[in-house]
Amino acid sequence: MANIILLGPPGAGKGTQAKRLEEARGMVQLSTGDMLREAKTSGTEVGRRAAEVMERGQLVTDDIVIGLIAERLEKGAPGGFIFDGFPRTLPQADALADLLQVKGQALDAVIEMQVDDTSLVARITGRYTCGNCGAVYHDITHPVKVAGICDVCGSHDLRRRADDNEDALKTRLMEYYKKTSPLIGYYYAKGQLSAVDGLADVEAVADAIAKVLDKA
Ligand code: AP5
């Protein structure tokens, strides 16, 4: 069992790798972005408050996302959790440390996925996902095999995110460099940080992450 953080800017490949780890290692992906989008679809107050902020590319408040994570951690995960898109600020990182400590659990690795900004724009503007199973695709690098149909579950519900456009992405990147990138130093100082080349192909990134996990 291992609890890990996938840390990286929008489009670094966190979601893609988290899904692979779920399949390969029986871990559970905790994506605060997915949780917030689900809250919006369910019409909850949290979802309504978060939706506008997300569309602009800004960060949702710490109390909302920490609350979502705390609730989900209660359910446990025998194979461990993959934190995808959380924490994104120093207060969130402190809150996660406290939540894990209360449960007597450790954070086993923080994996920084390094990708340059030009590649991120190409990845984000070409991305679409399956609204039913969450599979992630890309117009050029990873299209569905049959147009309009998800390879994994056969659903026709293929979607693009409201914040996957160049304007919102600029704000998302700014938020990342201002508020999230300080976490790289935070986890380095704790001796928990490993970096992988997120520009490599999906298999090679998965192999690099597996090596980190096997040592953790
Ligand atoms: P969130 O949903 O977490 O989005 P994000 O961090 O911006 O990350 P993405 O999902 O865009 O990218 P990814 O790294 O998962 O890349 P993916 O694998 O899809 O957050 C959205 C919003 O919610 C935030 O802006 C904020 O408002 C709010 N929020 C969420 N968490 C929050 C928090 N903790 N605090 C406050 N606010 C919060 O890949 C991208 C594309 O690249 C895909 O098309 C994929 O096929 C392709 N690709 C992936 N890997 C490779 C590869 N190795 N080579 C080539 N292509 C690849």
ask   = Is it possible to state the helix-based mean residue ellipticity at 222 nm for the chain, with each DSSP H run of 4+ residues giving -39500 (n - 2.57), the sum divided by total residues, to the nearest 500 deg cm²/dmol? What is it?
value = -14000 deg cm²/dmol
Cβ-based exposure ranking for T129, T44, in which fewest neighbours within 10 Å come first = T44, T129
query = Hey, which of these cross-link pairs are over 25 Å Cα-Cα: K19/K40; K103/K178; K40/K103; K14/K40; K40/K211?
reply = K103/K178; K40/K103; K40/K211
request  = Pull out the extension gain between R25 and D94, defined as 0.36 nm times the separation in residues minus the alpha carbon to alpha carbon distance; nm, one decimal.
outcome  = 22.2 nm
task = With only Lys, Arg, Asp and Glu charged, each at its Cβ (+1 for the first two, -1 for the last two), find how big the charge dipole of segment 130-190 is about the Cα centre; round to the nearest 20 debye.
result = 300
Cα pair distances of segment 73-121 binned at 10 Å [whole percent] = 19, 50, 20, 11, 0
inquiry  = Quick check on the chain: what does the Kirkwood estimate of hydrodynamic radius come out to from the alpha carbon pairs, in Å?
reply    = 17.7
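Report the charge-dipole magnitude of the chain in Debye, nearest 20, computed about the Cα centre from +1 at each Lys and Arg Cβ and -1 at each Asp and Glu Cβ.
Value, rounded to 20: 160 debye.
Here, each number is a calculation from the coordinates, and none is a lab measurement. Worth saying up front: this structure is predicted, and the values here are computed from it rather than measured. All Cβ positions, glycine included, derive from the backbone under ideal geometry; neighbour counts span all protein chains shown.
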